[in-house]
Amino acid sequence: MISPSSPETPPALTPEQLQALIRLELPEAEALAVLQACTPDRVTPDLLGEALRCMEANAAPITLPDQPVLDCCGTGGSGLAHFNTSTTVALVLAAGGVPVVKFGNRGFSSPSGSFDLLAQLGIGQALNPQLLPDVLDACGVAFLFAPACYPALAGFAQLRRQLKTRTLFNFLGPLLNPVKPTYRLLGVSHAGMQDVMADYLRTQAHCEQAWLVHGADGLDEIAIHGPTRLLKVQRQQLDTSELLPPNGLHPLPDGEHSPQDNLKILQQLLQGEDTTSPYYRLVCLNAAAGFVIAGKASSLAEGEQEAQALLHSGQVLETLKQCRSAHERLI
């Protein structure tokens, strides 16, 4: 079992402490102390699993799709300039015939989380989880807003914002998708948590294949500016651990990215105006991984060609229009 624990690691928090924390039943000072104790260096697969069970016990009802789906998301927390790569990748994959249910939230560690960008696109209104199959059938992609699926998160978010350090709860999000996706492309900004999350996914029978990626400088995506550590989980086995070299070295952009900035970048990508920038390269490379994971491509090179063709043809833009139409009609 992969685990960062050591003899000096303090005892894990109890299930009762976690439940009380998540339900906001603790006084604020005590809640902050418990939350601060959940730093990544203390997290084990058992603690991660217990926290997920505590969250799932407080989940809203959801109608599950009747087909295998993929989720592509990252933990955030890299501190690097941030474009909504995985949100764009979700649209590319859906345009390529991969059903996607992307689980996300507004930004915590960056100015533009997935739902900050979706709001700019006119599809940021929280989807009723029971309408999920209808939206997925209409456009091949559905975006689930974390607090709509886990109402306790709304109050809990205020508590998390008071801390200046990463905790276990920065890394729960990608694993909380209530659909329990068959396929996952999961970016992790902390190397130790990449191991812990892979170890957890090994225990999940529903997970047919998952790629957990940790890019250069902590990027929670497959990187274009340096190597990426890849852990593959397949049918409850840690299938492989390898280092992906960058396909040429391309520096990441600097500076903060607001939702409005990211909207302009997305529009240029989907309208075929940008075919050379780091954003384009990131989207195509990470979409390629999604196609490989879902069995739609045999290699990253083949998957990149598919992503490029979908962007150039306007099919990804059409998928976005279908998604917006479905939201207007159903929500």
Failed item in (1) under 22 Å from the mean Cα position of the chain (by Cα); (2) under 25 Å from residue 220 (Cα atoms), with residue 324 passing the rest
(2)
If residue 223 meets every condition in (1) in contact with a Cys (Cβ under 9 Å, 6 or more places away or on another chain); (2) part of a loop (DSSP other than H, G, I, E, B); (3) buried (at least 21 other Cβ atoms within 10 Å of the Cβ) apart from one, which number is that one?
(1)
Apart from one, (1) at pLDDT below 95; (2) under 21 Å from residue 184 (Cβ atoms) all hold for residue 278; the odd one out is (2)
Selection over the range 283-331 where residues are among the charged types (D, E, K, R), crowded, with 17+ Cβ neighbours inside 10 Å and either free of Cβ contacts under 8 Å to residues at least 24 places away in the same chain or in a helix (DSSP H, G or I) (or both) yields a count of 2
The range 266-279, residues that are surrounded by fewer than 21 Cβ atoms within 10 Å (Cβ to Cβ), at negative phi and not charged (D, E, K, R)
267, 268, 271, 275, 276, 277, 278
Selected residue (criterion: nearest to residue 262 (Cα to Cα)) from residues of the range 101-157 that are buried (at least 21 other Cβ atoms within 10 Å of the Cβ) and among the charged types (D, E, K, R):
116
Would you be able to say whether some residue in the range 235-254 is assigned to a helix (DSSP H, G or I) and loosely packed, with under 15 Cβ neighbours inside 10 Å?
no
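Quick one: would you say residue 14 is at pLDDT 85 or above and β-branched (Val, Ile, Thr)?
Details: at pLDDT 85 or above: no; β-branched (Val, Ile, Thr): yes.
No, not satisfied.
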What tally of residues in the range 158-178 results from selecting those that are assigned to a loop (DSSP other than H, G, I, E, B) and either touching a residue at least 40 places away in the same chain (Cβ under 8 Å) or over 23 Å from residue 27 (Cβ atoms) (or both)?
9
Confirm whether residue 24 is within 21 Å of residue 77 (Cβ to Cβ) and among the hydrophobic types (A, V, I, L, M, F, W, C).
no
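I'd like to verify a number: residues in the range 156-170 that are among the β-branched types (Val, Ile, Thr) and over 19 Å from the mean Cα position of the chain (by Cα), how many?
First pass over the range 156-170, keeping only residues among the β-branched types (Val, Ile, Thr): 165, 167.
Within this subset, residues satisfying the condition of being over 19 Å from the mean Cα position of the chain (by Cα) are 165.
The qualifying residues number 1.
The values are calculated or read from the model by the stated rules, or taken from the named source; none is laboratory data. Since the model is a prediction, treat every value here as computed from it, not as a measurement. All Cβ positions, glycine included, derive from the backbone under ideal geometry; neighbour counts span all protein chains shown.
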